[in-house]
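Comments concern the structure below.
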Amino acid sequence: MSNTFLGMPSLPVFGHGNLHATEPFPKAAHRELGNAQLRANLGHATHTIRDKRAKVVAELADWEELRDAGSAIKDATMANLPALLGQFEANFTARGGTVHWARDAQEANQLVTELIRATGETEVVKVKSMATQEIGLNEYLEGQGIAAFETDLAELIVQLDRDKPSHILVPAIHKNRSQIREIFLREMEDVDPALSNEPARLAEAARRHLRRKFLSAKVAVSGANFGLADTGTLAVVESEGNGRMCLTLPETLITVMGIEKLLPRWEDLEVFMQLLPRSSTGERMNPYTSLWT
């Protein structure tokens, strides 16, 4: 295993870090309670997602046992984390990958930048990644003259509107489809001026917008849902197909993975692939899971 000391995370300090608010929550909440459109957007979206989750969770008689199993796997991983990280690095390296260790956000951003610069490229496509959001990778790359294009639909909406994600799973949950239409008309090149707010038409506009990037990008940046120590495998779970495009088409793939994503064995996916899709967006089994080594 690498001799790099990873350190221990410090407690967040108000006002610092890419995901921290710039004003106290009570003040922002008091103001936004008067935003009728925002309240309607969030109420509709959260109600829909919770109902969908409740229905698919109810299909499993052993749901609570699965949750306990997942918790036990995570506890066992943390109890043996140094050895498992070493095992993952050894197996991933043996399969042709390269592992870089970062102490903090600054070092992670610098490493990613150096890897991109080594390819000679100045543009990258990205798979939705909360890790890169937390470390402010997009903003850092922009400061280094590198453009990062989000390919997840919700992340794309937020990026085009120069906004920040408001939800860990549904980044654009605070936007309704009419607002999204206005963003696309304002920010997308060559968008049909007659674009409607129908979800299918909005998704088509996003696909057309991203297609050129998918076909021309030489470098992709992703997060990871799981890292499997015994096989040196990374897994990305996604539902739009953009993940597969980013993971397979570019010549260089850079994955930013927190050490908490590690699992000891391939078989552990049997538990987590039943838990994750249902408990995130209410899917029975997400068909788009990309595994690579």
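The values are calculated or read from the model by the stated rules, or taken from the named source; none is laboratory data. Quick caveat: nothing in here was measured; it's all calculated off a predicted structure. Ideal geometry is used to build each Cβ from the backbone, glycine not excepted, and the neighbour counts take in all protein chains shown. SASA here: full protein model, heavy atoms, side chains in, ligands and nucleic acids out. Shrake-Rupley method; radii C 1.70, N 1.55, O 1.52, S 1.80 Å.
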Legend entry - Full-extension gain in nm, Lys164 to Val57, via 0.36 nm per residue minus C-alpha separation: 35.5 nm
Inset, instruction - Sequence neighbours fewer than 8 away in the same chain don't count; with that in mind, list the lysines whose C-alpha is under 25 Å from Lys27. - result: Lys164, Lys175
Legend entry - Fluctuation leader among Pro171, Pro26, Pro82 - the chain, Gaussian network, Cα springs under 10 angstrom: Pro26
Inset, instruction - Taking only Cα atoms and a 10 Å spring cutoff, compute GNM fluctuations for the chain and point out the largest among Leu115, Leu60, Leu137. - result: Leu60
Legend entry - Of all accessible heavy-atom area on the chain, the percent that carbon and sulfur account for (1.4 Å): 54
Legend entry - Solvent-accessible heavy-atom area per residue, rounded to whole Å², over the chain at 1.4 Å: 56
Inset, instruction - Subtract the Cα-Cα distance of Asn80 and Leu115 from 0.36 nm times their separation in residues, and report this length gain in nm to one decimal. - result: 9.6 nm
Inset, instruction - Using only Cα atoms, locate the centre of region 228-263 and the centre of region 58-80, then give the distance between them in Å, rounded to an integer. - result: 22
Inset, instruction - At a temperature of 37 °C and a viscosity of 0.692 mPa s, determine how fast the chain diffuses translationally according to Stokes-Einstein, using the Kirkwood radius over alpha-carbon pairs as Rh; express D in µm²/s, rounded to the nearest whole number. - result: 158
Legend entry - Stokes-Einstein D in µm²/s, Kirkwood radius over Cα pairs - region 113-214 at 4 °C with 1.567 mPa s viscosity: 90
Inset, instruction - Return P(r) of region 132-291 (all Cα-Cα pairs; 5 Å bins starting at 0; whole %; ordered from short to long distances). - result: 1, 8, 16, 19, 21, 17, 11, 5, 2, 1, 0
Inset, instruction - Report the local net charge at Phe226: Lys and Arg +1, Asp and Glu -1, summed over other residues whose C-beta lies under 10 Å from its C-beta. - result: 0
Inset, instruction - Could you tell me the convex hull volume per residue, in Å³, taken over the Cα atoms of region 160-227? - result: 126
Legend entry - Distance in nm between pseudo-label sites at Glu32 and Glu267 (7 Å out along the Cβ direction from Cα): 4.4
Legend entry - Among Arg50, Arg31, Arg265: highest mean-square fluctuation, GNM of the chain, C-alpha pairs under 10 Å: Arg31
Inset, instruction - Only Cα pairs under 8 Å and at least 6 apart count here; give the relative contact order of the chain as a rounded whole percent. - result: 24
Legend entry - Estimated FRET transfer efficiency (Arg201, Glu142; beta-carbon r; R0 45 Å; 0.05): 0.90
Inset, instruction - Output the Kirkwood hydrodynamic radius of region 83-159, Cα pairs only, in Å rounded to one decimal. - result: 13.8
Legend entry - region 19-78: GluC sites (Glu not before Pro) falling in loop per DSSP and having at most 13 other Cβ within 10 Å: Glu59
